[in-house]
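One structure is given here, and the rest of the page talks about it.
What follows draws every value from the coordinates through simple rules; no lab data is involved. In this text, all values refer to a predicted model and were calculated from it rather than measured experimentally. Glycine gets a Cβ as well: all are built from the backbone with ideal geometry, and neighbour counts include every protein chain shown.
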Amino acid sequence: MSSTNTAQQDRGADIARELTQAGRNAIPYLDHAHNPKRPVTLNTYRSQGYTPDRPLVIVQHGMLRNGDDYRDFWIPAADLYGLLIVAPTFSNEAWAGADSYNNGTVFDTPDGSPRPIDDWAYALVGRVVDTLRAAGVSRGKTYLFGHSAGGQFVHRLMSSQAHERFHAATCANAGWYTLPSFDFAFPEGLGGVGLSDAHLARLLAYPLTILAGDQDIATDDPNLPAGEAALRQGPHRYARAQNYLKAGRREAAARGLTCNWSLQPVPGIGHNGRAMSAACASLWFEGRLPSAQALAELAGNHVA
């Protein structure tokens, strides 16, 4: 057995021990084979009702790199539905800037050429899921959610990585999108980084949910991507979400495929990670959005 495989098994056993008790935790994780110099922290919450056959929810944080906050946004749902929450947290120290997190560390090579797809930051999430499964921590369905920069991360993950692990995936309030087209270079599109027609067909076929607060319409937010490529997608996040769905449907039609994506507006909600987390949990586990009253109560706090 290789030293890398041994390290992964040891890490899995350590994580399993850490997750035997209910409550919050913060567990170091290192992707030994692919990103050995870039640790992440798994901010976790195991509900009292969780058993390994219950759902695992992977939560991707926003640009503040606040995986602990995003884990906490999901605690009410975890307690209600018996979930395990795991928020892989990419610190700015180890994963500096948007290129390392939002854009997946795709070009982190001495000559600026793209890395192998299995080395991208997005692939790390699947290996976390595999580690949890191998350690016996999770054998139920796995759900994937990301908000803001995490929404960018999630839809780019789904554009480039295998989907079999994920029962459902939702990208919420992304600042801009990687369009499902090879006509544009990554990250504006899928071109020039080793992705294939098969990757694109798989992405279009997946029932991806684009979750969009209908009040996420600020055009002067300093954290709203404002480059030319982003502005071509619309003046604000809500418009860009609609543009992404249209782009998917247009590309699918041109290829004779079906686009299985859906856009779910969230009434009265702006750029609010807590509210969008609650909306996603309700959609996944109740089949509907929270009530108008519940959304109104959530709308008051602007949380990225």
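Rounded to 0.05, the FRET efficiency of the residue 134 and residue 21 pair, given R0 = 35 Å and the Cβ-Cβ distance, is 0.95. Highest mean packing first, where packing is the average number of other Cβ atoms within 10 Å per residue, the peptides 236-247, 145-156, 53-64 line up as 145-156, 53-64, 236-247. Take the Cα of residue 292, go 7 Å toward its beta carbon, and the backbone nitrogen atoms of region 254-272 under 14 Å from that spot belong to 267-269.
Near residue 37, once Lys and Arg are set to +1 and Asp and Glu to -1 for all other residues with Cβ below 14 Å from its Cβ, the sum equals -2. Could you please state, rounded to a whole Å, how far the C-alpha centre of region 118-162 is from the C-alpha centre of region 16-37? So the separation of the two Cα centres works out to 14 Å. Taking 219, 142, 178 in turn, the Gaussian network model of the chain (Cα-Cα springs below 10 Å) assigns the largest fluctuation to 219. Residue ranges 12-24, 126-138 sort as 126-138, 12-24 when ordered by packing (mean number of other C-beta atoms within 10 Å per residue, highest first). Simple point charges give the picture: +1 on the Cβ of Lys and Arg, -1 on the Cβ of Asp and Glu, and for the chain a dipole about the Cα centre of about 620 debye. Report summary: the helix-based calculation at 222 nm, which adds -39500 (n - 2.57) for every DSSP H run with n ≥ 4 and divides by the residues of the chain, gives -11000 deg cm²/dmol.
A straight chain from residue 243 to residue 196 at 0.36 nm per residue would run longer than the Cα-Cα distance by 14.7 nm.
Each pair of Cα atoms in region 167-304 enters the Kirkwood radius, and Stokes-Einstein at 20 °C and 1.002 mPa s then converts it into a translational diffusion coefficient of 136 µm²/s. Projected label points at residue 51 and residue 258, each 7 Å from Cα along the beta carbon direction, are separated by 3.5 nanometres. For the peptides 65-74, 285-294, residues were scored by their other Cβ atoms within 10 Å and the scores averaged per peptide; the highest-first order is 65-74, 285-294.
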